[in-house]
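Any read-out appearing in this document is the output of simple, stated calculations on the displayed coordinates, not a laboratory observation. Since the structure is predicted, the reported quantities are computational estimates derived from the model, not experimental observations. As a convention, Cβ positions derive from the backbone with ideal geometry for all residues, glycine included, and neighbour counts pool all protein chains shown.
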Amino acid sequence: MNAIELNELDIFYGDTQITDNISFDIKQGESFALVGESGSGKSTILKAIMGLAPKWNGSIKVNNVARSHGIDYDFAAQCQMVFQDPYGSLHPRKTVDATLSEPLTIHRISDQNERIEQVMQSVGLDLSFRFRYPHQLSGGQRQRVVIARALILEPKILLLDEPTSALDVSVQAEILNLFKKLRKERGLTYLMVTHNLPVVSFLCDRLAVIKAGKLVEVTGVEQLRQGNFKHAYTQELYAASGGVIS
Amino acid sequence: MTQFLDWLRDETPTSRRQARWGGAFRLALALRKNHLAMAGLIIITTLILFAIFAPFIATHPAIQQDLQGRLSPPSFDHWMGTDELGRDIWSRIVYGSQITLFIVFLVAAIAAPIGLIAGAVAGYFGGWVDRIIMGITDIFLSMPKLILALSFVAALGPGIQNAVIAIAIATWPSYARIARAETLTIRNSEFIAAIQLQGASSTRIVFSHILPLCMSSMIVRVTLDMAGIILTAAGLGFLGLGAQPPLPEWGAMISSGRTFIFDQWWVATMPGLAIITVSLGFCFLGDGLRDVLDPKQGGR
């Protein structure tokens, strides 16, 4: 069964067309990467799936249900998003506890205390951080809070918008390992936007290459490791990242 | 006590209550370092104490007339002299603090929430909601505050309550402007997008995610505006449209002392000093709060 299906998706900001005829499927439990230059429309695809970019033609299906053009209450428990900037995606005046309990309150879930403790443990946040404010946390800790917030409603699909690019290298590795662990434990499906090919090879099964809003090619991570691509643009990207991917 | 202080200072609070109290404690510490703000706080506290304990602090009843001793200069018996009806000015100023506080807090309690909500709603929803609300505030802002308050009092009739309503009507639009500007800067931030994606309703987003971020600039602005509110109230009193005689309202007292300003200077000067002191107190406190609450400086 497919977790996400995009069919001939054209997304617009106002009158400007951002993506052109994007189609791909992601199987349940798969980890899929969107790769491309800045401004190629990768993040916009995530926003359209989540309902933050409401103007599009074509079709988006999540768990075989067509998505509306806006944000749905029920959809929130199936699919969540992790943002790129852990400094901008946490409310500056809310403690970790308040941030994590808010989704539970919205969805009228009562066992808040256990859920919060459980999700904090599973993203590797010590419980002593529970009543701290974001400005008392480091970048990596903040990103763990963001991941915990995305996971607390127990969605099966996570959309990751360059989740490690704002972090320094050692913290990046920790967060990537966390994503790997969470996927294994919870059977998550990932759709990840990145321009970092080593990250793709570490975390993903397949990748789609996007250039100026158009899908260039969809290929497996084996081809990426061997540097074996059909399309010249993918070769170019590969060469730009040093041509060595372990 | 030391245990309590340690509990407040704890960097790793273990409960929601401790996190809140610790935050307030750190704020109080920051405020204590600011001398001007402390001066303002002392003035405001004194004003509040005067208002509460007026019967004990005043040496005479506020409206007791003594035509034999009218317009007597400051003396041991009458610390600030007496007015044209022989009433003790010191006592009238002490009782007047009740009226001043009543006006200031009632105006703040009416105008600030209205302005805050109107501005946040306009900023968050944008589009035609924004255009209508901001159109209304523009109309109000284009008229001078005192003139606007004057016309409302003229329509509603003179009296303290009407003066309060009139001043509140004249002040809320500037709060709406500030709240809207603040909302516009945070509306498109990722933490608002994140809470939208959790399925939160617009009401919840505006009230529990946007308004808390507008609060600090609003508190600062309201505190700074209190000086202006006192002056407007005094202005209305001076023009005979605020508190009515024999209520000891400071503006009205200046107005009645105007006739004797050259020969019996104390009648108009003493209430004037009271207005200046309290206005300055609110200004100092507002400036200090701005330094402490400014999220750009405190990282809060």
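Laid out as a table, the results:
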{"read-out": "Fully extended contour minus Cα-Cα distance, from B:LEU85 to B:ARG258, at 0.36 nm per residue", "value": "60.9 nm"}
{"read-out": "DSSP beta bridges in the protein assembly as shown [antiparallel fraction, %, rounded to 5]", "value": "55 percent"}
{"read-out": "Straight-distance crosslink candidates among aspartates and glutamates, where the alpha carbon sits under 14 Å from A:LYS42 and sequence neighbours closer than 8 are dropped", "value": "A:ASP10, A:ASP20, A:ASP161, A:GLU162, A:GLU217"}
{"read-out": "The stretch B:34-102 - Rg (one decimal) and Dmax (whole number), Cα, Å", "value": "13.9, 49"}
{"read-out": "Radius, Kirkwood style, for the stretch B:215-300 when every pair of distinct Cα atoms is counted (Å)", "value": "14.2 Å"}
{"read-out": "Chain B: C-alpha gyration tensor shape, a/c 1.5 cut-off, then a/b vs b/c", "value": "oblate"}
{"read-out": "Inverse mean reciprocal Cα-Cα distance (Kirkwood Rh) of chain A, Å", "value": "18.6 Å"}
{"read-out": "Shape of the protein assembly as shown, Cα gyration tensor, a/c cut at 1.5", "value": "prolate"}
{"read-out": "Residue among A:VAL209, A:VAL65, A:VAL218 with the largest mean-square fluctuation in a Gaussian network model of chain A, springs linking Cα atoms under 10 Å", "value": "A:VAL65"}
{"read-out": "Kirkwood-based shape ratio for the stretch A:90-154, expressed as Rg/Rh from alpha carbons", "value": "0.92"}
{"read-out": "Cβ-based exposure ranking for A:GLU222, B:GLU190, in which fewest neighbours within 10 Å come first", "value": "A:GLU222, B:GLU190"}
{"read-out": "Simple spin-label estimate for B:LEU67 and A:VAL218 in nanometres, 7 Å along Cα-Cβ", "value": "10.1 nm"}
{"read-out": "Top positive-direction residue, dipole computed over chain A with Cβ charges, set A:GLN136, A:ILE175, A:HIS195", "value": "A:GLN136"}
{"read-out": "The protein assembly as shown, dipole about Cα centre (Lys/Arg Cβ +1, Asp/Glu Cβ -1), debye to the nearest 20", "value": "480 debye"}
{"read-out": "Euclidean distance of C-alpha centroids, the stretch B:59-119 and the stretch A:45-112, integer Å", "value": "56 Å"}
{"read-out": "Assigned charges on the beta-carbon of Lys, Arg, Asp, Glu; the stretch A:90-154 dipole about Cα centre (debye)", "value": "300 debye"}
{"read-out": "Chain lengthening between B:ILE219 and B:PHE56 when straightened (0.36 nm per residue, less Cα-Cα)", "value": "55.5 nm"}
{"read-out": "Greater than 27 Å apart at Cα, pairs in A:LYS27/A:LYS230; A:LYS94/A:LYS211; A:LYS55/A:LYS214", "value": "A:LYS94/A:LYS211"}
{"read-out": "Which of B:THR232, B:PRO248, B:THR82, positive extreme of dipole for the stretch B:54-298 (C-beta unit charges)", "value": "B:THR232"}
{"read-out": "Efficiency of FRET between B:LEU29 and A:GLU117 - r from beta-carbon atoms, R0 22 angstrom, step 0.05", "value": "0.10"}
{"read-out": "Pairwise FRET efficiency - A:SER110 versus A:PHE12, Cβ, R0 = 56 Å, nearest 0.05", "value": "0.85"}
{"read-out": "For B:PHE76, B:PHE191, B:PHE125, B:PHE238, order by how many other beta-carbon atoms lie within 10 Å, fewest first", "value": "B:PHE76, B:PHE125, B:PHE238, B:PHE191"}
{"read-out": "Value of relative contact order over chain A, rounded to a whole percent, pairs C-alpha under 8 Å and six or more apart", "value": "26 percent"}
{"read-out": "Per-residue ³J(HN,Hα) for the stretch A:51-64, Karplus 6.51 cos²θ - 1.76 cosθ + 1.60, θ = phi - 60°, Hz, x for Gly and Pro", "value": "x, 8, 10, x, 9, 8, 10, x, 9, 10, 10, 10, 6, 6"}
{"read-out": "Exposure proxy order (Cβ contacts within 10 Å, fewest to most) of B:LEU116, A:LEU46, A:LEU178", "value": "A:LEU178, A:LEU46, B:LEU116"}
